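Engineer: Here you go, one structure.
Please treat every number below as a calculation from the coordinates, not as lab data. Everything numeric here is computed off the predicted structure, so don't read it as measured data. Reconstructed Cβ throughout: ideal geometry from the backbone, glycine too, with neighbour counts over all protein chains shown.
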């Protein structure tokens with residue numbers, strides 16, 4: 001009788017284990033109020049619902065698990081099965097990942113969406129060779145200038161300590177004559193108050209997240225480029241899922257991408273308006289700055305093509321054809 005009881009318990013435990021939900025931790029860069037994080041949480045809820053709880057994804061926001069530069073490696077090695085990260089931060093390992101940070105190449109969301117369509121297969125193929133699968137992307141609002149003082153030409157930024165967040169923005173700032181200084185998003189307010197940086201190029205979303213009105217006065221609506229965060233998953237972990245769960249993840253990812261791009265379009269102007277309501281002066285790009293940026297953009301495009309080679313040329317040809 002005791003043996004039968006023990007056997008029954010063992011069988012029940014095995015059945016429970018087999019039926020237990022897969023549980024993933026997801027590392028997310030931005031704070032909870034940011035729409036990119038909102039999309040990530042809705043994606044996780046969508047997956048849980050579509051799989052009837054067979055796959056649970058717990059979202060950890062604000063880079064509490066891994067910092068931006070650590071995310072790709074953490075996903076690749078399985079330290080965390082899934083995460084979101086700024087795509088262009090991977091530009092140091094392959095310039096293809098930096099395509100959305102080439103200045104003036106895509107300045108509105110229609111252009112940015114076409115550029116993603118033209119580059120996605122190349123990006124996905126490079127990551128898949130490293131055991132990583134791309135699930136979905138969400139764009140940032142266009143990148144613009146935040147300054148303490150008014151500017152009329154790029155000469156007004158000469159020597160100014162200017163925040164950079166990847167290799168592409170560092171190169172842009174260098175060509176502008178300013179001094180690139182790498183500062184993580186969460187450290188921006190402190191960096192401004194300590195004089196580590198005096199200006200930055202970023203999105204109005206980051207401007208609102210960091211309460212830029214506390215340390216800068218002018219917002220110049222430059223729309224220099226539209227970078228993306230993308231969500232990547234460890235390919236081995238993905239392939240271990242049951243077929244139904246894999247399909248649910250891919251379907252949820254497609255919905256998340258659609259929602260993310262829609263939110264970016266609707267939120268961008270709202271975020272700029274928030275900056276104005278908080279006391280910042282919202283300015284168009286000065287004509288001299290626009291002309292100078294066009295020259296810098298041409299230089300950076302040629303530099304990028306030289307580094308990206310045939311892959312880069314194919315992406316730009318496909319982008320031009322769309």
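Engineer: Determine the gain in length on full extension of the stretch residue 128-residue 60; use 0.36 nm per residue of separation and subtract their C-alpha separation, reporting nm with one decimal.
Structural biologist: Details: separation 68, 0.36 × 68 = 24.48 nm, distance 2.42 nm.
This chain segment gains 22.1 nm when fully extended.
Engineer: Any idea how far the Cα center of the range 33-73 sits from the one of the range 224-241, in Å?
Structural biologist: 11
Engineer: From the helices alone, meaning DSSP H stretches of at least four residues, give me the mean residue ellipticity at 222 nm for the chain, per-run term -39500 (n - 2.57), in deg cm²/dmol to the nearest 500. Provide the component values of the computation, followed by the final result.
Structural biologist: Values: 10 runs with 157 residues, N = 322.
After summing the helix terms and dividing by residue count, I get -16000 deg cm²/dmol.
Engineer: Restricting the count to DSSP beta bridges whose residues both fall in the chain, what percent are antiparallel, rounded to a multiple of 5?
Structural biologist: 50
Engineer: Quick one: length gained pulling residue 41 to residue 110 fully straight, 0.36 nm per residue minus the C-alpha distance? Don't skip to the end; give the middle numbers.
Structural biologist: Values: separation 69, 0.36 × 69 = 24.84 nm, distance 2.52 nm.
That works out to 22.3 nm of additional length.
Engineer: For residue 282 and residue 69, what does the FRET efficiency come to when R0 = 35 Å and r is the distance between their Cβ atoms, rounded to the nearest 0.05?
Structural biologist: Details: r = 32 Å, r/R0 = 0.91.
For residue 282 and residue 69, the calculated efficiency is 0.65.
Engineer: When only Cα pairs under 8 Å and 6 or more residues apart are kept, what is the percent relative contact order across the range 23-140?
Structural biologist: Working: 131 pairs, mean separation 27.3, N = 118.
Result for the range 23-140 is 23 percent.
Engineer: Calculate the FRET efficiency for residue 250 and residue 153 from the Cβ-Cβ distance with a Förster distance of 51 Å, rounded to the nearest 0.05. Kindly include the intermediate steps, with their values, before the conclusion.
Structural biologist: Details: r = 49 Å, r/R0 = 0.95.
E between residue 250 and residue 153, to the nearest 0.05, is 0.55.
Engineer: Oh, and also: Taking the beta-carbon count within 10 Å as an exposure proxy, list 285, 299, 266 from fewest neighbours to most. Please list the in-between numbers first.
Structural biologist: Numbers: 285 17, 299 13, 266 9.
Taking fewest neighbouring Cβ atoms as first place, the list is 266, 299, 285.
Engineer: While we're looking at this one, here's another question. Regarding the range 186-257, what's the average projected area of the Cα-atom convex hull, expressed in nm²? Before the final figure, lay out each step's value.
Structural biologist: Details: hull surface 28.7 nm².
So the Cα hull casts an average projection of 7.2 nm².
Engineer: Taking N as the number of residues in the range 228-286, what is its Cα Rg relative to 2.2 N^0.38 Å?
Structural biologist: So the range 228-286 has a normalised radius of gyration of 1.79.
Engineer: Same structure, new question: Provide Rg and Dmax in Å for the chain, with only Cα atoms included in the calculation.
Structural biologist: For the chain, the Cα-based Rg and Dmax read 22.0, 90 Å.
Engineer: Taking a point 7 angstrom from the Cα of residue 22 along the C-beta vector, which residues in the range 128-151 have backbone N less than 15 Å away?
Structural biologist: The answer is 132-135.
Engineer: Report the residues of the range 118-154 in range of a label on residue 318: point 7 Å along Cα→C-beta, backbone N strictly under 16 Å from it.
Structural biologist: 118-129, 134-137
Engineer: Once the Cβ-Cβ distance between residue 93 and residue 294 is put in as r, and R0 is 25 Å, what FRET efficiency do you end up with, to the nearest 0.05?
Structural biologist: On the way: r = 29 Å, r/R0 = 1.16.
Plugging the Cβ-Cβ distance into 1/(1 + (r/R0)^6) gives 0.30.
Engineer: Label 7 Å along Cα→Cβ of residue 258; the range 29-63 residues with amide nitrogen under 18 Å?
Structural biologist: The answer is 39-51, whose backbone nitrogens lie closer than 18 Å to the label point.
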